[in-house]
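Below is one structure, written out as structure tokens; the observations come after it.
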Amino acid sequence: MYRAHDNSVVESHAINIEKMLEHYRFTEKDALDLFSLQTDMEAVLPELLPEFYYFIFSFEHAKIFLHSPEILQKHEKGIKHWFMKLFCGKYDENYFQQLNHISETHVRIGLPSHYVNTAFSFIREFLEKYLITLGKKNKLSAMHKIIDINLDILSLTYQEQEQQHFLNEVLLLKQVAKLQSLEPYVQPIIETQTHTIVKFECLMRLIDPDTQKAYSIYPLLSTAKNIKVYDTLMRLMVERSFAIFESLPWRFSINLGYEDIANHEFRVFLYHAILAFPDSKRIIFEILESDFIEDFTIVYDFVKTIREFGCQIAIDDFGSGYSNIENIIMLKPEYLKIDASLIQQIDTSETALTVVRNVTNMAQELHIKTIAEHVHNEEILAIVKSLHIDYAQGFYIGKPFSGKELLNTKPTSNLFKK
């Protein structure tokens, strides 16, 4: 393996790595050329990073995965380390193990593989222009080779891990559907002025039959729909949520997607379940604002029907980008759930605070109650209260827990202990 700094060639035991280097005709001269660029690359980092993040934040998935200052800071540190290692001059087993670790991290957090390709494309183009500006066109070949090798290793590892990850998802989903191993978790929602719990949001959790570990359905939604178990899971979710709350006094909400609303058989099932429920006025259905884009007429007709049953509507993730006020006015929802990405920044971002204040004022004029999602500390709760947002939800209020535990709770007790 090539080590530019000691000018020697060491044979690697990892034959696949050796073949990789041979495939790209990566030589000791390439390693030396890259090592000679270290100082230049360190100098250009302050220019590269802002452009890099400006570029990737044009993609929605980047906003999802880099959604907080802490995560962004950690990501930036990782990018700096990876970038400088491109020019370390030492491309041995250690180097490629680090690439494998990066790839495994991508798979673990569910990062789309095209994100990797997009990021590499940007880095390659940036470096090409920079080296030409420096008058070091003779180093371009080595740069392209190490970028190609990185991309190849990351992509191959990613695909293998992704395939195994997918198979594990399919196995879990099929077991859950077959054994009906599903449980509604509930997260409390408080009235901000009194700190009293007044309602709960029901969240689907898949219980691994072997380990009894609970998994959120959210990262598995696409797979569940592809293998045709999603409808079964949603029916179980409705039945079990209704069963928990039929003898309790609290209001409770269930999330519905456009696919649920547009599914005639599911709608019929849902209407029968609502009619059998002892107090339909306590049922709230949360609908994502972005689902209006599909076919607003279907959403409107559904809302009109369940209102006749006495149920209420909450628009989820309001302010996340779509925000068609005309549709909101037509639906006349009882609640607007202000998007978490706004709430979690209201203590640090003047822009987020202004948007939330305007949304709250608009809702008050329309006689719609507001719910702040993602209230994760005392300071944010205080701001939410000062803005006269009606309700608050988040880890500071309470983390999701098994809905079965509510059956052993006195209805008059206040679970919020802050």
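Using packing as a proxy for protection, rank 196-205, 77-86, 242-251 so that the peptide with the highest average count of other Cβ atoms within 10 Å comes first.
196-205, 242-251, 77-86
What is the range 180-408's relative contact order, in percent, from Cα pairs under 8 angstrom and six or more apart in sequence?
Dividing the mean separation by the residue count of the range 180-408 yields 22 percent.
Listed highest first by mean packing, meaning other Cβ atoms within 10 Å per residue, what order do 371-379, 397-405 come in?
371-379, 397-405
Could you list 92, 30 in order of exposure, starting from the residue whose Cβ has the fewest other Cβ atoms within 10 Å?
92, 30
When a footprinting reagent is the concern and you count Cβ atoms within 10 Å, what order do 44, 299 take, fewest first?
Fewest-to-most Cβ neighbours within 10 Å comes out as 44, 299.
Report, by chain and number, residues whose modeled amide H sits under 5 Å from the one on residue 313, excluding near sequence neighbours (fewer than 5 apart, same chain).
Amide H neighbours of residue 313: 285, 334, 335.
Could you work out [θ]222 nm for the chain from helices alone, using -39500 (n - 2.57) per DSSP H run of at least four and dividing by all its residues? Round to the nearest 500 deg cm²/dmol.
-17000 deg cm²/dmol
List, in order, the whole-Hz ³J(HN,Hα) value for each residue of the range 310-318 obtained from phi through the Karplus relation with A = 6.51, B = -1.76, C = 1.60 and θ = phi - 60°; use x for Gly and Pro.
Computed from phi, the couplings for the range 310-318 are x, 6, 10, 10, 10, 8, 8, 6, 5 Hz.
Reachable aspartates and glutamates from residue 225, Cα under 15 Å, same-chain residues fewer than 8 places away excluded?
Those aspartates and glutamates meeting the cut-off are 169, 259, 260.
Can you work out the Karplus-derived ³J(HN,Hα) for every residue in the range 211-226? Use 6.51 cos²θ - 1.76 cosθ + 1.60 with θ = phi - 60°, whole Hz, and x for glycine or proline.
For the range 211-226, the Karplus-derived couplings read 9, 6, 6, 9, 10, 5, 6, 3, x, 9, 4, 4, 5, 4, 6, 5 Hz, x marking Gly and Pro.
Within 10 Å, Cβ to Cβ, of residue 254, how many net charges do the neighbouring residues add up to if Lys/Arg are +1 and Asp/Glu are -1?
Here the charged neighbours net out to -3.
What relative contact order, as a whole-number percentage, does the chain give when Cα pairs under 8 Å and 6 or more residues apart are counted?
Reported relative contact order: 13 percent.
Among the helices of the chain (complete DSSP H runs), which have Cα atoms covering no less than 20 Å along the helix axis and a Kyte-Doolittle mean of at least 0.0?
In the chain, the long hydrophobic H runs are 38-56, 113-133, 140-179, 230-245.
Please report, in debye to the nearest 20, how large the charge dipole of the chain is about its Cα centre when each Lys and Arg carries +1 at its beta carbon and each Asp and Glu carries -1 there.
So the magnitude is around 700 debye.
Take the residue pairs 19/77; 29/80; 80/136 and return only those whose Cα atoms are more than 29 Å apart.
Too far apart for the 29 Å limit: 19/77.
Looking at [x] 108, 43, 42; [y] 79, 49, 43; [z] 96, 47, 34, which value of Cα extents along the principal axes in Å comes from a calculation on the structure shown?
Only one listed value fits the structure, namely [y].
Listing 41, 362 from the residue with the fewest other Cβ atoms within 10 Å to the one with the most, what is the order?
362, 41
Within 12 Å, Cβ to Cβ, of residue 23, how many net charges do the neighbouring residues add up to if Lys/Arg are +1 and Asp/Glu are -1?
-1
Values quoted throughout were computed directly from the atomic coordinates according to the rules given, and no laboratory measurement underlies them. Model, not experiment: these values are computed from the prediction. Please note: Cβ atoms are built from the backbone with ideal geometry, for glycine as well, and neighbour counts cover all protein chains shown.
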